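Novice: For reference, the structure I am asking about is given below.
The values are calculated or read from the model by the stated rules, or taken from the named source; none is laboratory data. This is a predicted model, so every value here is computed, not measured. Note that each Cβ is placed from the backbone with ideal geometry, even for glycine, and that neighbours are counted across all protein chains shown.
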Amino acid sequence: MTRKISITFLLLIFLQPLLVLLYLSFSTQWHYPSLFAHPFTTQHWQTLLSESSALIKSIGISIMISTLVSFVATGMGFFISRGIAYYTKSRWWLTSAYFPYVIAPVVLAVMLNFYFLKMGLTGTFAGILLAQLLITIPYSVIFFHSFWSSTILEREYLVATLGGNFMTSLRHAILPSAKGLLVVCYFQCYLISWFEYGLTQYIGVGKVETLTILVYRYISEANPYLAALAGLLLLIPPLVLLFVNRSFFIQNVWKS
Amino acid sequence: MNRTMLKNTVIRRSLAGLFLLLCALPVVLAMGYAALYSVGLTGLQSDGFMLQHWATLFQGEFLSSFLYSLWIAGASSALALATALAALFTLRKELTDKRVYRMLFLPLTVPPVVIGFVIYQLFSGGGILSRVSYQSGLIDQISHFPEFVHDAYGVGIILAHLFIGFPFFLILLLNLYQQNNLDELEITAASLGAGRKDILLRVHLPVLLKGIFPVVSLYTIFFMGAYEIPLILGQSSPQMFTILILEKLQRYSLSDIPVAYAMALFYAIICIGTLSWLMMQYKKRWN
Amino acid sequence: MVGCAGEKSPEVNPTELSWPEIEQQAKGGEVTIMMWKGDPLINQYMEDFVIPTVKERFEIDLEIVSGQGSQIVSTILSELDSGQKNSQLDMMWINGETFYQLRQVDGLFGPFTSHLPNAKYVDFENPFIGYDFQQPVEGFEAPWGNVQFTLIYNEKMVDDPPQNLSDFEDWVEQNPGQFTIPTEFAGMTLLKSWLLSQNENPESFYGAFDEELYQAESSRLWESINGMKSDFWRQGETFPATITQLHQLFANGEVAFTMSNNDSEVDNKIAQGVFPDYSRAYVPESGTIQNSHYLGISKHSENKTGAMVVINFLLSPEAQYRKMIPEIWGDGTILSVEKLPSEWKEKFRTLPGRIKAPDRNQIQEKALMEPDPEYMIRIFEDFRKEVVQK
C-alpha cells in the first residue's frame, strides 16, 4: 500500500511543474496570501492568440532553430563518430568530444564571442545555429560512439564482400539497427537546443528571441503569468516528442 | 583493393578534419582568446602582459564562489544518487512496470528555466507553499516562512537539481541492475546464506556504484557549471561561478573584464582536467 | 540620396545632411535600440506607441533588445575589441556612468543633438539636463526624460517615514527584517543620495571625482549600513539582485520599503495593480538625486540616420507628453515648457496630477545633482565588498 502511495507521490512531484504553470497562467493579481481568492482569467491565453504576439514569433524561431540544429547535429555526429570508432585508436579522440559538451554553454559563448564578432555572426540566426551546433555535435558524437561496435563493422564487411558500396551498407547493415538511436539522438539534441538560454542570449545579443529567452524576460519583468504561459509552451514539443517516441526510449535509451 | 584503401584514407582524413574543426578547434580557440585577454595581451584596455588578474582569482569572492559551486554540485549529485538508490531498493518491482518506468522520463522534458521558475513560485517567501502555510495557520507572518530560495545553502538550487538528477539516475540504475543480472546474483547469494542487508551492501551496491560513477561525475561537473537555475534562485554572495563570470564581464568596472576571462579559462581547465582524469580511470571501457 | 537605408553609407556623415535628407535616407530601415526592459509599462509605451508610430510615419522598423547600462558597454566594448566596424546596436538608453564609459572607449557617435529639429524645445540650460553625472553632454547623447529618486513605503507598516540616514538607522533597528537595498541602479542611487547628504555639504561632491573625499565619506556610509545590516531583510545575508524583485517583496508585504528612480512610479504601479493602494512615495528631507536619462547612438551603427529620426521623434512634444501621463509611464519631460508652441504648453500644464507620488515642484528643492560617474562605479563595487560579502 505504501508503495502505491510512494509511486503516486513521485508522479505528483514529476507533474508539479505542469500544474504550477497551469495554475499561474490562468491567474492574475496574485497577491499574498491568496491561493484561490484571486481572480482567474483567460486573458493571458488570449494575448497568445493576438497577432502581434511575441510568443508566437518566438515559438517559430525556436522551432526552426531546434529542428535545424538537431537534424544537422544528429547526422554529422553519426558519421563523425563512425570515423572515430573505426579509424582511430586513441581514446583521446572521444575524450576531446566531451570538452565542448561539458563546459557550461554560456562560458563557451563568452570565450568564443570574439570570433563570432569577427565573423559578423553575433545577433544573427546563423550565429545561433553555429553556436548551438558547437555543443550538440559533440554530444551526438559521444552518443553514437558505442553504436559502432564490432557487430556493425562485421556487417559492413559482409556487405563489402558481397559487392555492396557504402550506400548499400547504410541501407542494409547500418540503418536498420540505428533507426531507434537516431531518433533518440535527434530528440536529445532538440532538447539541448530548445532549452538553451545562456549561450543563445549572449551570442544573440537578445536579438534572436527564442521561447526560452522570452520566458526569462517575463520572469525578470515579474510577470509570472506570462512566464508560466510561455513555460507551458516550452514544455509542449518535448512532451510531444517523448510521447511519439516512447517505444524507442524504453528500448534504446541505455545503449549509450 | 587499392582504390578502396585510397578512398578510406580520404574519408578518414576528412572525417578527422571535420571532427577537429567542429569539436576540438572551438575549444582551443576559446581558451586561447581567454588566455590572451586574461594576461593583458589583447583587448581594448590591455596594458601588456600581467599576471595580476590571475592572482586575484584565488582570493576573496572568487574563491568563495568556487567553493560554493563545488558545494552545490556535490550536494546535488549526492542527494540525487542517494534518493535514486533508495527508490531502487524499495520500489524496484513497481518501477519495472512499463507505465511506471515511463513516468520517469517526464522530468527530462522540463527545461532548467522552468524548474527554476516553478521552484521559485513554490518555495519563495511569497510563493505557493508559503501561502498554504499561512492559510493553514502554520505561520502567521510572511517573514516566518523558512528560506529556501536566495539562501546561503542553495537549497532551492539543490532541489531543482534533484528534480533533474533523481529520475535520470534512477533510470540508469534500473538499467544497470538488469544488465548486470543482479536478480540472479541475489538469488545465488541468498542461497549461500547471505542476509538481505548483506546482499544490498556487498553485491548490489558496488556493482551499481561502479557502473554509475562516470555519469554521476559528469553530472557533478554539469551542476558546477549551472547557470540558468542559479540565475533565478541564487543569492547575492557567494554566487555560482558561471554567474560571477558573467557579472564580472558585464559590470560597471571595465577592469574586471580580464578577470572574467581568467575565471572562464580556469573553469574550462578544471572541466577538461577532471574529464581527462576520469577517462584515464576508465581505460578498459574504450577497447 | 534615396538608396536602401539599411545599407551603410560610410562616406557621408549624417550630420552633414539636411534633415529632410536624413529622414529620406532613414526610410525603410531598421533601427536596433538596446534598453532596459524590466518595466512592463515602459515596454508597452515602446511597443504599443513608439514602434507602430515610427513605422507608420517614417517607415522605420524599430527593434528593441534588452540590456542595461553595463551590458551595453560590454557589448560595444567587445565589438571594438574585435575591430568590428558595424555595431549590432544603433541606439541605446543610457545614463551617467554608461555615458562615461562609452566616451572613454569612444563608442558614441556625435555630436548630433543640435541637428535634431526637436532639440530646440529641449531645456539644455537646466543643469539637471545639460549635464549627465557632472559631464557636459556636448551633443553626444540626447536627453529623454527627467526623474527624481523616491522612496516608496507601505502606509500600514510605516507611521513616520524616515527623513535621513540616521532616521533610517533608528527605524530599521525598531522594525527588523522590513528593509533592504537592491544591488543595482536604484539601490546605488539611494546609497549615493545618502553619501551626499550625510554631511551638510553635498556640493563638495560636485565636480571631478575626489578620492580622499570618497574614502572618508564612504567609510562612514559603510559603517552606518553595516550597523543596520543585521536588521535588514533576511538579516542582510542576501540582497535582491533586481529592482523588480524588491518591488515584488514590497507588493507581498515582505518589506515595508521599495524605491524608484522614477518619482511617479508609485502611481503607475498602483494603476497596474502591482502595488497595493496604501503605498505612498516621498523624498526624504535630506534630499535625493534627480537626474535625466538619455539616448545615444553607437559609433559604428549602420543606421545613424534612422536612429536620429527615432530619437527626434522621442523628443517631440507628442511623445514626451504621452510619456508623462502617469498611467502610461509618468516620466518627467526634458522639454522646456516655455519653449513649446502654445497648444502644447497648455497640455503640459494641465497634465493629470499625481495621486500618491510627491508633487514635482516640492521635491525639486530637495534635488541633489548626480555626482561624477566614478562615484557610482566605486559605490557599486564597494557595496559588494564592504557590505554584501562581509
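Novice: So for segment B:39-53 (the condition being more than 12 Å from every other protein chain (Cβ to nearest Cβ), more than 30 Å from residue A:244 (Cβ to Cβ) and either under 26 Å from the mean Cα position of the chain (by Cα) or in a helix (DSSP H, G or I) (or both)), does at least one residue qualify?
Specialist: yes
Novice: Give the residue that is nearest to residue C:129 (Cα to Cα), with candidates limited to residues of segment C:61-77 that are part of a helix (DSSP H, G or I) and touching a residue at least 60 places away in the same chain (Cβ under 8 Å).
Specialist: My answer is C:69.
Novice: Same structure again: Could you list all residues from segment B:245-273 that are modelled with pLDDT of 85 or more and surrounded by fewer than 17 Cβ atoms within 10 Å (Cβ to Cβ)?
Specialist: Of everything in segment B:245-273, those that are modelled with pLDDT of 85 or more and surrounded by fewer than 17 Cβ atoms within 10 Å (Cβ to Cβ) turn out to be B:269, B:273.
Novice: Related question: Run residue C:312 past the list (1) more than 14 Å from every other protein chain (Cβ to nearest Cβ); (2) assigned to a strand (DSSP E or B) and report the number of the one that doesn't hold.
Specialist: (2) is the only condition that residue C:312 fails.
Novice: Something else: Wholly within segment B:117-206, which helices (runs of 4 or more DSSP H) include no fewer than the required count, namely at least 2 residues that are at the interface with another protein chain (Cβ under 10 Å from one of its Cβ atoms) and more than 29 Å from the chain's Cα centre (by Cα)? Let's see the steps before the verdict.
Specialist: Numbers: elements: B:128-135, B:155-179, B:182-191.
Answer list for segment B:117-206: B:128-135.
Novice: Collect the residues in segment A:18-70 that are modelled with pLDDT under 80 and farther than 26 Å from residue B:131 by Cβ, keeping them in residue-number order.
Specialist: Answer for segment A:18-70, where residues must be modelled with pLDDT under 80 and farther than 26 Å from residue B:131 by Cβ: A:48, A:49, A:50, A:51, A:52, A:53, A:54.
Novice: In addition: Please determine whether any residue of segment C:155-174 is closer than 30 Å to residue C:126 by Cα, touching a Phe, Trp or Tyr at 6+ places or on another chain (Cβ under 9 Å) and either among the hydroxyl-bearing types (Ser, Thr, Tyr) or free of Cβ contacts under 8 Å to residues at least 12 places away in the same chain (or both).
Specialist: no
Novice: Step by step: first the residues of segment A:162-187, then only those that are surrounded by 16 or more Cβ atoms within 10 Å (Cβ to Cβ) and of a type outside the set (A, V, I, L, M), then the one that is farthest from residue A:68 (Cα to Cα). Which residue is that?
Specialist: A:164
Novice: Does residue A:212 fit the bill of being of a type in the set (S, T, N, Q) and at the interface with chain B (Cβ under 8 Å from one of its Cβ atoms)? Show your work before the answer.
Specialist: Values: of a type in the set (S, T, N, Q): yes; at the interface with chain B (Cβ under 8 Å from one of its Cβ atoms): yes.
Yes: the conditions hold for residue A:212.
Yes/no per residue for (1) surrounded by fewer than 18 Cβ atoms within 10 Å (Cβ to Cβ); (2) within 11 Å of another protein chain (Cβ to nearest Cβ); (3) basic (Lys, Arg); (4) under 20 Å from residue B:104 (Cβ atoms):
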| position | (1), (2), (3), (4) |
| --- | --- |
| A:4 | yes, yes, yes, yes |
| A:11 | yes, yes, no, yes |
| A:15 | yes, yes, no, yes |
| A:36 | yes, yes, no, no |
| A:41 | yes, no, no, no |
| A:44 | no, no, no, no |
| A:47 | yes, no, no, no |
| A:56 | yes, no, no, no |
| A:59 | no, no, no, no |
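Novice: Please work out which one of (1) surrounded by 22 or more Cβ atoms within 10 Å (Cβ to Cβ); (2) of a type outside the set (Val, Ile, Thr); (3) in a helix (DSSP H, G or I) is the condition residue C:385 fails and give its number.
Specialist: Every condition holds for residue C:385 apart from (1).
Novice: Filter segment C:105-151 for residues that are of a type in the set (Gly, Ala, Ser) and in a loop (DSSP other than H, G, I, E, B) and give the result.
Specialist: To start, the set of residues in segment C:105-151 that are of a type in the set (Gly, Ala, Ser) comprises C:107, C:110, C:114, C:119, C:130, C:139, C:142, C:145.
Selection gives C:107, C:110, C:139.
Novice: Test residue B:76 against the stated conditions and say whether it is among the small types (Gly, Ala, Ser) and either over 30 Å from residue B:200 (Cα atoms) or touching a Cys at 6+ places or on another chain (Cβ under 6 Å) (or both). Step through it out loud before you land on a result.
Specialist: Numbers: among the small types (Gly, Ala, Ser): yes; either over 30 Å from residue B:200 (Cα atoms) or touching a Cys at 6+ places or on another chain (Cβ under 6 Å) (or both): no.
Spelling it out, it is not the case that residue B:76 is among the small types (Gly, Ala, Ser) and either over 30 Å from residue B:200 (Cα atoms) or touching a Cys at 6+ places or on another chain (Cβ under 6 Å) (or both).
Novice: May I pose another question? Go through the residues of segment C:335-345 one by one and say whether even a single one is in a helix (DSSP H, G or I), aromatic (Phe, Trp, Tyr) and over 21 Å from the mean Cα position of the chain (by Cα).
Specialist: Yes, the conditions are met somewhere in segment C:335-345.
Novice: Additional query: Residue by residue through segment C:332-369, note down the ones that are in contact (Cβ under 8 Å) with a residue 40 or more places away in the chain and charged (D, E, K, R).
Specialist: If the condition is that a residue be in contact (Cβ under 8 Å) with a residue 40 or more places away in the chain and charged (D, E, K, R), then C:339, C:354, C:356, C:360, C:366 are the ones that fit.
Novice: Given B:79, B:104, B:95, which one is in contact (Cβ under 8 Å) with a residue 24 or more places away in the chain and more than 10 Å from chain A (Cβ to nearest Cβ)? Talk me through it step by step, then tell me what you get.
Specialist: Values: B:104 fails: more than 10 Å from chain A (Cβ to nearest Cβ); B:95 fails: more than 10 Å from chain A (Cβ to nearest Cβ).
Testing whether each residue is in contact (Cβ under 8 Å) with a residue 24 or more places away in the chain and more than 10 Å from chain A (Cβ to nearest Cβ) leaves just B:79.
Novice: I'm told residue B:89 meets every condition in (1) surrounded by fewer than 20 Cβ atoms within 10 Å (Cβ to Cβ); (2) away from chain A (no Cβ under 14 Å) except one. Can you identify the failing condition by its number?
Specialist: (2)
Novice: Hey, does segment A:73-90 have a residue that's outside any loop (DSSP other than H, G, I, E, B), touching a residue at least 40 places away in the same chain (Cβ under 8 Å) and touching a Gly at 6+ places or on another chain (Cβ under 8 Å)? Talk me through it step by step, then tell me what you get.
Specialist: If we filter segment A:73-90 for residues that are outside any loop (DSSP other than H, G, I, E, B), which is where we start, we get A:73-87.
Narrowing further to those that are touching a residue at least 40 places away in the same chain (Cβ under 8 Å): A:73-74, A:76-78, A:80-82, A:84-86.
Right, trim to touching a Gly at 6+ places or on another chain (Cβ under 8 Å) and you get none.
No, there is no match, as no residue in segment A:73-90 is outside any loop (DSSP other than H, G, I, E, B), touching a residue at least 40 places away in the same chain (Cβ under 8 Å) and touching a Gly at 6+ places or on another chain (Cβ under 8 Å).
Novice: Just checking, how many residues over segment B:42-57 are of a type in the set (A, V, I, L, M) and surrounded by 15 or more Cβ atoms within 10 Å (Cβ to Cβ)? Let's see the steps before the verdict.
Specialist: Quick first cut of segment B:42-57, residues of a type in the set (A, V, I, L, M) only: B:44, B:50-51, B:55, B:57.
Among the residues that remain, those that are also surrounded by 15 or more Cβ atoms within 10 Å (Cβ to Cβ) are: B:44, B:57.
So the count comes out to 2.
Novice: Could you list, ordered by first residue, the pairs with Cβ atoms under 7 Å in which the first is in segment B:8-21 and facing another protein chain (nearest Cβ under 9 Å) and touching a residue at least 40 places away in the same chain (Cβ under 8 Å) and the second is surrounded by 14 or more Cβ atoms within 10 Å (Cβ to Cβ) and of a type outside the set (A, V, I, L, M), at least 6 apart or interchain?
Specialist: none
Novice: Follow-up question, since we're still on this one. Residues C:102, C:80, C:89: which one is under 30 Å from residue B:33 (Cβ atoms), assigned to a loop (DSSP other than H, G, I, E, B) and aliphatic (A, V, I, L, M)? So that I can check it myself, show each step before the final result.
Specialist: Details: C:102 fails: assigned to a loop (DSSP other than H, G, I, E, B); C:80 fails: assigned to a loop (DSSP other than H, G, I, E, B).
The unique qualifying residue is C:89.
Novice: Given C:270, C:243, C:311, which one is in contact with a helix residue (DSSP H, G or I) (Cβ under 6 Å, 6 or more places away or on another chain), of a type outside the set (Phe, Trp, Tyr) and either crowded, with 20+ Cβ neighbours inside 10 Å or farther than 17 Å from residue C:143 by Cα (or both)?
Specialist: Working: C:270 fails: in contact with a helix residue (DSSP H, G or I) (Cβ under 6 Å, 6 or more places away or on another chain); C:311 fails: in contact with a helix residue (DSSP H, G or I) (Cβ under 6 Å, 6 or more places away or on another chain).
Within the list C:270, C:243, C:311, the selection yields C:243.
Novice: Of (1) modelled with pLDDT of 90 or more; (2) assigned to a helix (DSSP H, G or I), residue C:268 satisfies all except one. Which?
Specialist: (1)
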